[in-house]
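The values are calculated or read from the model by the stated rules, or taken from the named source; none is laboratory data. These numbers were taken from a predicted model, which means no experiment stands behind them. No Cβ is skipped: glycine too gets one built from the backbone with ideal geometry, and neighbour counts run over all protein chains shown.
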Amino acid sequence: MSTLAVARPAGGGVLALGRHAFALAKRSLIKTIRTPEALIDVTIQPVIFLLLFTYLFGGAIFDGNRGLYLQFLLPGMLAQSLAMGGVALGQNLNADIEKGVFDRFRSLPISRAAPLVGAVMADVVRYLSVCVVMLGFGTIMGFRVQTGFVPALGAVALSIAFGLCFCWISVWVGMLARTSGAVQGIMFLLVLPLTFGSNVYVPTDTLPGFVQGFVAVNPITPLVATIRGLLVEGPVAGPLTTTLIWMAGLLAVFVPLALRAYNKRA
Amino acid sequence: MTEDLVVHAEGLRKRFGKTQALDGVDLSMRRGTVLGVLGPNGAGKTTAVRVLATLLRPDEGRAFVAGVDVLKNPQQVRRLVGLTGQYASVDEDLTGVQNLVLIGRLLDLSGRDARRRADELLNWFDLSEAAQRPAKTYSGGMRRRLDLAASLVGRPEVIFLDEPTTGLDPAKREDMWGVVRTQVASGASVLLTTQYLEEADALADEIVVVDHGRVIAHDTPDGLKRRVGGQTLRVRPSDAARLPDVLRVLDLVAAAGTSASIDEAAGSRPGAASVPVTSDEVLDKLIPALRAERIEVTELALHLPSLDEVFHALTGRTKAEELV
C-alpha cells in the first residue's frame, strides 16, 4: 500500500456540505446519463401533454382559436411539468435507500443532509430540460414569446428555482413511503389536484365559485401567472411576490421534515 | 476500559417492535485483532454492527470505538471506521472507479488523490479490468470486493464486515479471507460477523457467539472448539457395502474412548461414517489403513462442527428444536 495520506480538513459546516452535496449531485447526474429513459417525464411527456391539450381540447376551450390557446396554455403546462418532474426524485431516493446505497453514505463523516441536498441539486438538469423542451417544441407549434429575451430567461430561472423548492415534498414522501411505487401514488394524489385545480388550463373566471376559491390559494396559480407575465403578457410583480413567499414556505416546511424523516429511517 | 480495546460495548439493547434484537450485548475487541461474531440469522449480529458503525442508536447501553463514544461523537467515529454491509451497497449505475472516487471525494480527498486511491484499491482487489464498467455488470463476488474496497478508501482503523462471504463460492471466500488477513497485517482491527464456525476459526483471534440478542460465549477459537467438541473426520467409501469395514478402521485409528458411527443426522447424505478427532495427525494413520484394507473412498474430510452443533454444545438444544 502507498503512503498516500487521507486529507481531512477540519473545516465542516456549510462549505463541507456544499462540497459533499456537489460530489453526490455528480453521482445522480452519472446515473441520469446512464438511464436516459428516466428523462421521459421531463422530455417526451410534456410534449405529449402540450400536443394533446392544444389540438384535442384547445379548439373547444378557446372558441377554435388554437394559436391563442397555446399562448395561454404553455406557461401553465411548464409549471405543471415542473411539479410532476419532482416526483421521480422521491422515487429514486426511496429506491436508493432500499438498496442500501445510503448506508454507505451514512457511515461516512459527512453531513446527514448531503445526500438529499446533492440529489436535489442534480434535479436542476431535469427542470432545465422541461423548460428547454417546452419552449423549443412550443415554438415549433407556434408559441411566441411576446416579451423579450431577458424576461424569458427570468421565467426559466424562476421555473427551475420553483422546481427545486417544490421537489422537497417529493423528497419527504420518498423518505416516508415504503416503496417507490407508493411515492408516485402519493405524489400524484397531490400534484394532479394542484395542477388541474389551477389557472393552467382554463381562465379562472370560467370556474364555479368554490373551485375559484381553491385556485386562489393554490401555489401553482401565482407561479403560472408570473410565468405568463414573463413570457406573454400580464402583471409580474404581484404574483412573483406570492410565488417567492410560497417557495420560501415550501423550503421552511419540507426541508426539515425530509431531513427528520431521513434520519429516522434506519 | 483499557487502552488497547479498540471496540468496547456494554449492555447494548435495541428493540424493533416486538423483536428484542439486542438484549444486553457486551463486546470487546483488542487493537490489531480480528473478532468473529458468530450466530444464526436473526441473532442480532447485523444490529450490533449497525450500532457500532453509528447507523443505529441503541435503546440502552454504551459503545466506544478507538475510545470515542459512538453515541456522543458519531461523526468522529465515522472517520475511524469502514463498514461493509451484508448487502453490497455499491451504486450499480456507477462504474467501479466512479464508486470509489465518490467515496474518496466524500472523505475530502482531492480529485487526484481520490482517483489514485481508487486505482490502487481496484488493482489490489483485482478489479482493474472491470474498473470502467458499471457495477451492475459485476458478478456477486466482484460486487463484494468493490463494496469492501469502498469501505477501505479512508484507511479505517476499524473495519466492520457483516457476513462478508455469505453467498460466495469457496474460492472467492478464500480470497476474501486473504483480504482480511492483509488488512490486519497492515494494522487494522476487524470485526466480522459470520454464520460459519469454519470462517471464524480461520480468521478470528477471538470469537463471540450470539443468540437471541445475547452473547452466549466469548472465547478463542481453540477454546471454543474444545467446548464444542473439536473436529469430525468423515469417510465415505465408494462402495456402501464396505461401510462396516470403514467403521472398523476409524475405530482403530481414532483416540481411545471415541467410537465411529454411521452418519444418520437429518439432512446428511447416507453412506458415510464419522468419528470425532482432536487433531489432523489421525490422517497419517488413516490413509495407510484404508489402503491396506483396499477401501476406495469418495469423501475423506475433517469438518469443524456446524453452527447447529456449536449451539447444541453451548445451549444443549439445536436450532431445529427451537423451531418446533
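Some notes on this structure:
- Restricting segment B:57-67 to residues that are more than 12 Å from B:Phe160 (Cα to Cα) and crowded, with 20+ Cβ neighbours inside 10 Å, the residue that is farthest from the other protein chains (Cβ to nearest Cβ): B:Phe64
- Of all residues in segment A:162-171, none are out of contact with any helix residue (DSSP H, G or I) (no Cβ under 8 Å at 6 or more places or on another chain) and either among the β-branched types (Val, Ile, Thr) or farther than 24 Å from A:Pro36 by Cβ (or both).
- The lone exception for B:Thr84 - which of (1) closer than 29 Å to A:Leu93 by Cα; (2) more than 10 Å from chain A (Cβ to nearest Cβ) it fails: (2)
- Yes/no for A:Lys26 being within 10 Å of chain B (Cβ to nearest Cβ), surrounded by fewer than 20 Cβ atoms within 10 Å (Cβ to Cβ) and modelled with pLDDT of 90 or more: yes
Conditions (1) without any contact (Cβ under 8 Å) to a residue 24 or more places away in the chain; (2) in a helix (DSSP H, G or I), marked per residue:
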position	(1), (2)
B:Val210	no, no
B:Ala217	no, no
B:Gly223	yes, yes
B:Thr232	no, no
B:Asp245	no, yes
B:Leu250	no, yes
B:Ser259	yes, no
B:Val275	no, no
B:Asp284	yes, yes
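- Looking across B:Leu247, B:Leu290, B:Leu286, one residue alone is surrounded by 13 or more Cβ atoms within 10 Å (Cβ to Cβ), touching a helix residue (DSSP H, G or I) at 6+ places or on another chain (Cβ under 7 Å) and farther than 24 Å from B:Glu198 by Cα. It is B:Leu290.
- When A:Lys264 is tested against (1) out of contact with any Lys or Arg (no Cβ under 7 Å at 6 or more places or on another chain); (2) within 14 Å of chain B (Cβ to nearest Cβ); (3) surrounded by 12 or more Cβ atoms within 10 Å (Cβ to Cβ), just one condition goes unmet, and that condition is (3).
- All positions within segment B:186-208 that are closer than 12 Å to B:Pro164 by Cβ, part of a strand (DSSP E or B) and hydroxyl-bearing (Ser, Thr, Tyr): B:Thr193, B:Thr194
- A:Gly59 vs. criteria in a loop (DSSP other than H, G, I, E, B) and more than 14 Å from chain B (Cβ to nearest Cβ): no
- Residues that are on the phi < 0 side of the Ramachandran plot, surrounded by 13 or more Cβ atoms within 10 Å (Cβ to Cβ) and touching a helix residue (DSSP H, G or I) at 6+ places or on another chain (Cβ under 7 Å), drawn from segment A:230-245: A:Leu230, A:Leu231, A:Val232, A:Val236, A:Pro239, A:Leu240, A:Thr242, A:Thr243
- If you filter segment B:110-125 down to residues that are surrounded by fewer than 16 Cβ atoms within 10 Å (Cβ to Cβ) and within 26 Å of the chain's Cα centre (by Cα), you find that the one that is farthest from the other protein chains (Cβ to nearest Cβ) is B:Asn123.
- Looking only at residues in segment A:72-112 that are within 11 Å of another protein chain (Cβ to nearest Cβ), among the small types (Gly, Ala, Ser) and in a loop (DSSP other than H, G, I, E, B), the one that is nearest to A:Ala155 (Cα to Cα) is A:Ser111.
- Lone qualifier among B:Leu22, B:Leu83, B:Leu35, B:Leu55 - being at negative phi, touching an Asp or Glu at 6+ places or on another chain (Cβ under 9 Å) and at pLDDT 95 or above: B:Leu35
- Residues of segment B:87-109 that are more than 17 Å from A:Leu24 (Cβ to Cβ) and either modelled with pLDDT of 95 or more or more than 9 Å from chain A (Cβ to nearest Cβ) (or both): B:Gly96 alone.
- Selection status of B:Asp69, in the same structural domain as B:Val215 (by TED's automatic domain parsing) and in contact (Cβ under 8 Å) with a residue 40 or more places away in the chain: no
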